[in-house]
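Step one of this worksheet: look at the structure below.
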Amino acid sequence: MRRLIKSDALREIILPLGQMTVFVLGAGALFSAVMILFALLFRGSGADKLLLDTQGVNILFYTISNLPQVLIDGVTLGFVYAAIALGYTMVYGVLEFINFAHSEIFAIGAFAGVEFLILMDKIGLLAGAGTYGPYLYLTLALSIGMLTAGGVAVLIERAAYRPLRGAPRLVPLISAIGVSFALQDIIRLVESLTTGQFYRVIPTFGNFDERIPLFSFKTSSAPINVNIQVKSVIVIVAAMMMLVGLNYIVKATRLGKAIRSVAQDRNTAAIMGIGVNGIIAFTFLLGGALGGAAGVLYALKFTRIDPFVGFMPGMKAFTAAVLGGIGNLTGALLGGIILGMLESFAGAYLGTFTMGNFGSEYKDIIAFLILIIVIIFRPSGLLGEQISQKA
Amino acid sequence: MRNRYILVVMSLAVMGLLLAGCGAADPKVIKIATQSPLSGGMSAVGTDIKNGAQLAMEQLSGPLVAMGFKVELAAFDDQGNPDTGVANAKNIVSDPAILAIVGHYNSGVQIPASEEYHAAGLANVSPANTNPKVTERGYLEVSRICGRDDVQGAVGAQFANGKGIKSAYVLHDKTAYGQGIAEYFKRESETLGIKVLGFAGTEEKANFDSILSPILAAKPEVIYFGGMFDQAAVLFKQARQKGYMGMFLSDDGFDSSDAAKIGGAALLEGAGTYFSTVAGPAAAYPGTAKFQADFKAKFGGEPQPFAAQSYDSMAIVLKAIENAALAADKKMPARADVAKAVRALKDFPGITGTFTFNSKGDLAKAKYFIIQVTSGDPANWSQNKIDRILDIAPPQ
């Protein structure tokens with residue numbers, strides 16, 4: 001690889017893209033294979049009979065025909081998780097503590113972007129935006145979400161974490177939990193000032209709700225159409241671009257080198273003339289901006305946001321970061337994709353395979369059970385904690 | 001540092017004074033409490049429950065004022081949350097001036113909160129709580145002027161059956177209200193021969209992807225959601241975006257203009273969206289024209305569902321207090337006497353009907369509606385089409 005691509009900069013762009021493709025395809029293939037294996041094992045079981053009875057298909061056919069859609073959902077969700085997980089992992093890399101307020105930074109980004117779109121909608125700009133206009137406004141909303149969330153992250157670092165820099169490691173952790181609760185209620189307060197309602201719905205605009213037909217295959221009963229929503233494509237593409245950009249900044253720029261040196265050894269980095277505080281603030285800015293963008297994408301995909309919207313995605317992204325190996329950028333990406341797939345698969349098939357005894361509401365239990373098993377066997381995450389090359 | 005201590009001490013002192021000020025009450029003040037979600041996702045309906053009661057108090061408290069009482073509204077925000085509702089209930093019970101409560105929007109909040117009212121003998125007239133357990137406990141203090149979920153769920157299933165629907169997928173929000181009504185819908189559907197392809201609960205509010213996958217694979221003709229609009233509308237919208245073209249059916253929790261704000265045009269596509277309710281749009285009741293005009297003039301908007309019922313609940317409470325006060329020689333009536341006076345009312349004329357309670361606190365006969373969503377614009381919510389109206393007595 002090193003010989004093939006001469007320029008370091010180019011390599012740092014192509015390498016992560018390759019990694020993403022490998023992760024998505026690998027995880028997709030693995031999960032599909034396991035699911036088909038399950039379906040084969042369940043042939044002739046009560047669940048199979050129930051399916052034949054209610055829908056006239058056997059369990060193997062049911063599993064396979066649903067696979068493409070489940071995979072697409074899983075990948076979309078996985079990229080959202082990955083973008084949030086990077087915020088946890090970057091901060092852990094440089095400070096070795098978990099920034100629990102990151103889930104609220106995500107929510108703040110979502111609210112900033114959505115409020116901007118609501119404002120544009122009120123002025124009437126969204127309706128007459130034409131074909132490409134909506135993409136411009138979405139990009140603007142993403143930028144606003146990123147700036148706001150990044151800015152708030154830097155402020156939090158300055159106000160709640162920097163004064164505790166020398167304290168034992170549990171202390172900033174408690175501070176982070178406190179900030180998390182405070183931010184939730186601050187968002188609630190600010191959003192309910194005007195109408196008393198603290199949830200927001202992203203305006204409908206552009207062609208984001210349309211579906212792009214991918215392929216369809218004929219079956220004995222009805223043809224199955226597989227399609228992907230425009231907004232899912234946007235989420236995936238935007239997340240990929242951000243992940244590549246982040247990777248480039250961290251691995252191929254002077255600033256990135258400074259971040260890595262602070263992560264390795266803060267004191268030595270300071271001796272070498274690196275402004276440690278500035279670099280840590282910059283790390284928060286990067287992580288916060290990614291989280292904020294993920295928030296806007298989340299709102300675009302799932303329509304409705306409230307001040308507590310960050311909690312579950314934040315929890316899962318944190319888990320994804322640990323699963324991949326906390327402090328490890330590639331690990332966060334892998335962890336996010338695996339967790340998104342796990343959730344999507346568990347949600348789609350759990351009810352059918354247990355004959356409705358455990359519906360899709362148990363998806364998180366299954367997803368987290370598998371995570372516990374992974375962590376037991378690989379305590380430092382799938383790709384390992386990168387002690388020497390954190391962040 | 002010293003300054004900071006002084007500041008803390010002073011603010012504590014100020015708070016203490018304020019609290020002391022609250023403690024001294026005029027013996028001739030009668031307070032009536034409302035409890036409904038005034039903040040949060042359900043605040044649109046909850047606020048109008050308070051507003052409806054407030055309007056009734058302003059218009060109908062004349063007789064009590066003539067007896068020399070000062071009548072005040074004490075509005076509480078239960079946030080649609082059982083814990084908050086019970087905490088409020090404890091405050092309400094400990095205020096001797098409060099003689100009755102109009103309220104609760106959510107059965108899941110009303111049921112635990114009313115245990116407090118029952119213990120204190122405090123009358124509670126509910127404009128909106130439909131779970132059977134609300135009255136099945138047989139508390140003298142708890143009455144309601146709306147229908148019940150065991151009937152409402154069955155009405156939904158009968159409607160689906162009437163539309164020739166053969167398969168359904170049932171979801172609920174895991175609350176006492178949502179799960180309850182979903183179970184009644186399921187039971188009646190199965191009796192009528194509608195295949196129930198799945199039954200699941202979820203507290204998810206944003207990402208319904210994985211919940212929808214098995215539903216879309218099962219291809220039900222109707223998706224039924226037992227719960228509130230803030231989940232249902234998001235679910236319905238995402239189902240449409242994934243290409244589901246069947247019918248959506250929900251319950252009175254769906255009846256809020258915010259459902260159209262969230263769901264938009266997606267509610268009208270395919271086989272459309274219907275919901276059963278125990279409170280028709282204000283236009284469904286002949287007596288509400290004046291109420292609608294007054295409400296609009298005072299609060300500057302169309303009344304949300306249950307606002308008219310809340311008006312009637314307050315009217316009932318005021319009448320009961322008046323009767324109890326007359327019986328007590330125009331003195332402050334006892335709480336227990338007010339509770340008895342509520343049940344003693346016969347054919348009390350309200351704007352949404354005439355009310356007589358049975359021994360449990362249900363109406364002798366309640367109205368049930370099936371409503372079709374006809375516009376994706378929240379402003380047109382109150383003009384939704386009434387598909388049918390049924391008068392049904394509660395099960396004994």
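Please average, across the residues of B:214-220, the number of beta carbons from any other chain that are within 10 Å of each residue's own beta carbon, and give a whole number.
Numbers: counts 12, 3, 3, 13, 6, 4, 2.
Other-chain Cβ atoms within 10 Å of each residue's Cβ, averaged: 6.
Using Cα positions and a limit of under 30 Å, work out the lysines in reach of B:K298, with same-chain residues fewer than 8 apart set aside.
A:K122, B:K28, B:K31, B:K50, B:K70, B:K261, B:K290, B:K319, B:K367, B:K385
If you restrict to DSSP beta bridges whose two residues both lie in chain B, what percentage is antiparallel, to the nearest 5?
DSSP beta bridges in chain B are roughly 30 percent antiparallel.
If you count, for every residue in A:300-306, the Cβ atoms of partner chains within 10 Å of its Cβ, what is the mean? Before the final figure, lay out the partial values.
Numbers: counts 0, 5, 9, 12, 11, 2, 5.
Other-chain Cβ atoms within 10 Å of each residue's Cβ, averaged: 6.
Would you compute, for the Cα atoms of the stretch B:248-396, the largest minus smallest coordinate along each principal axis and list the three values in descending order, in whole Å?
That gives 61, 40, 24 Å along the principal axes, largest extent first.
Sequence gap at least 6, Cα distance under 8 Å: using those rules, report the relative contact order of chain A to the nearest whole percent.
Numbers: 642 pairs, mean separation 118.8, N = 391.
Answer for chain A is 30 percent.
Please give the average number of partner chain Cβ atoms lying within 10 Å of the Cβ of each residue in B:196-208, rounded to a whole number. Walk me through the numbers before you get to the answer.
On the way: counts 2, 4, 6, 3, 8, 3, 5, 2, 7, 9, 12, 15, 4.
The mean count of partner-chain Cβ atoms within 10 Å per residue comes to 6.
In debye, nearest 20, what is the charge dipole magnitude of the stretch A:8-377 about its Cα centre with +1 on Lys and Arg Cβ and -1 on Asp and Glu Cβ, if you could check?
On the way: 22 positive and 19 negative charges, 121 e Å.
Using Cβ point charges on Lys, Arg, Asp and Glu, the stretch A:8-377 gives about 580 debye.
Which FRET efficiency value, to the nearest 0.05, is calculated for A:M241 and A:R158 with the Förster distance at 25 angstrom and r the Cβ-Cβ distance?
It comes to 0.30.
What 222 nm value per residue comes from the helices of the protein assembly as shown, counting each DSSP H run with n ≥ 4 as -39,500 (n - 2.57) and dividing by all residues, nearest 500 deg cm²/dmol?
That calculation yields -19000 deg cm²/dmol at 222 nm.
If R0 is 56 Å, what FRET efficiency do you get for A:I370 and B:A66 from their C-beta distance, rounded to 0.05?
Given R0 = 56 Å and the Cβ-Cβ separation, E is 0.20.
With a 10 Å radius around each residue's Cβ, average the other Cβ atoms per peptide and rank A:308-318, B:187-197, A:229-239, A:123-133, highest first.
Taking the mean over residues of other Cβ atoms within 10 Å, the ranking is A:308-318, A:229-239, B:187-197, A:123-133.
Projecting each Cα onto the charge dipole of the stretch A:1-109 (Lys/Arg +1, Asp/Glu -1 at the beta carbon, about the Cα centre), which of A:V70, A:G18, A:I108 comes out farthest on the positive side?
Working it through, the farthest residue towards the positive pole turns out to be A:G18.
As a test, work out the antiparallel percent of DSSP beta bridges whose residues both lie in the protein assembly as shown, rounded to the nearest 5.
Working: 22 of 58 bridges.
Once the DSSP bridges in the protein assembly as shown are tallied, antiparallel ones form about 40 percent.
Would you mind pulling out the separation of the Cα centroids of the stretch A:268-343 and the stretch B:50-105, in Å?
Using only Cα atoms, the two centres lie 47 Å from each other.
Within the P(r) computed for the protein assembly as shown, what percentage of the Cα pairs occupies the region above 49 Å?
Roughly 25 percent, once rounded to a whole number.
Give me the net charge of B:D173's neighbourhood, meaning all other residues with Cβ under 11 Å from the Cβ of B:D173; Lys, Arg count +1, Asp, Glu -1.
-3
Within 13 Å, Cβ to Cβ, of A:T253, how many net charges do the neighbouring residues add up to if Lys/Arg are +1 and Asp/Glu are -1?
+2
So what's the net charge close to A:L60: Lys and Arg +1, Asp and Glu -1, counting the other residues with Cβ under 15 Å from its Cβ?
+1
Treating only the Cβ atoms of Lys and Arg (+1) and Asp and Glu (-1) as charged, compute the dipole magnitude of chain B about its Cα centre; round to the nearest 20 debye.
Its charge dipole is roughly 220 debye.
Cα centroids of the stretch A:137-170 and the stretch B:341-384: how far apart, whole angstrom?
Between the Cα centre of the stretch A:137-170 and that of the stretch B:341-384, the gap is 51 Å.
From the residues B:G376, B:A284, B:G41, which one has its Cα farthest along the dipole of chain B in the positive direction, the dipole being from +1 and -1 charges on Cβ of Lys/Arg and Asp/Glu about the Cα centre?
About the Cα centre, the residue reaching furthest to the positive side is B:A284.
Compute and list, largest first, the equivalent-ellipsoid semi-axes of the stretch A:8-377 from the alpha carbon gyration tensor, each √(5λ) rounded to a whole angstrom.
37, 25, 20
Against the longest principal axis of chain B, how steep is helix B:307-327, in degrees 0 to 90 to the nearest 10, with axes from Cα atoms?
It is inclined by approximately 30 degrees.
Counting DSSP beta bridges with both partners in the stretch B:242-371, what percentage is antiparallel, nearest 5?
About 65 percent, rounded to the nearest 5.
Does anyone have the angle between helix B:2-23 and the longest principal axis of chain B? Alpha-carbon axes, 0 to 90°, nearest 10?
90
Once both axes come from the Cα atoms, what is the angle between helix B:176-192 and the longest principal axis of chain B, in degrees from 0 to 90, rounded to 10?
40
List every DSSP H helix in chain A whose Cα atoms extend 30 Å or more along the helix's own long axis and whose mean Kyte-Doolittle hydropathy is at least 1.0.
Length and hydropathy pass: A:8-41, A:59-95, A:102-123, A:133-156, A:170-195, A:230-252, A:276-302, A:329-353.
With charges set only on the Cβ (+1 for Lys and Arg, -1 for Asp and Glu), what does the dipole of the protein assembly as shown come to about its Cα centre, in debye to the nearest 20?
That gives a dipole near 1600 debye.
Cα centroid distance between the stretch A:54-133 and the stretch B:245-322, in Å?
Centre-to-centre distance over Cα atoms comes out at 34 Å.
Just want the answer: with Cβ charges of +1 for Lys and Arg and -1 for Asp and Glu, which residue in B:G178, A:N227, B:A168 is farthest toward the dipole's positive end in the protein assembly as shown?
A:N227
Laboratory data are not the source of any read-out in this text; all were calculated from the coordinates shown. It should be emphasised that the depicted structure is a prediction, and the values quoted were computed from it without experimental measurement. Neighbour counts are summed over all protein chains in view; Cβ atoms, including those assigned to glycine, are modelled from backbone coordinates with ideal geometry.
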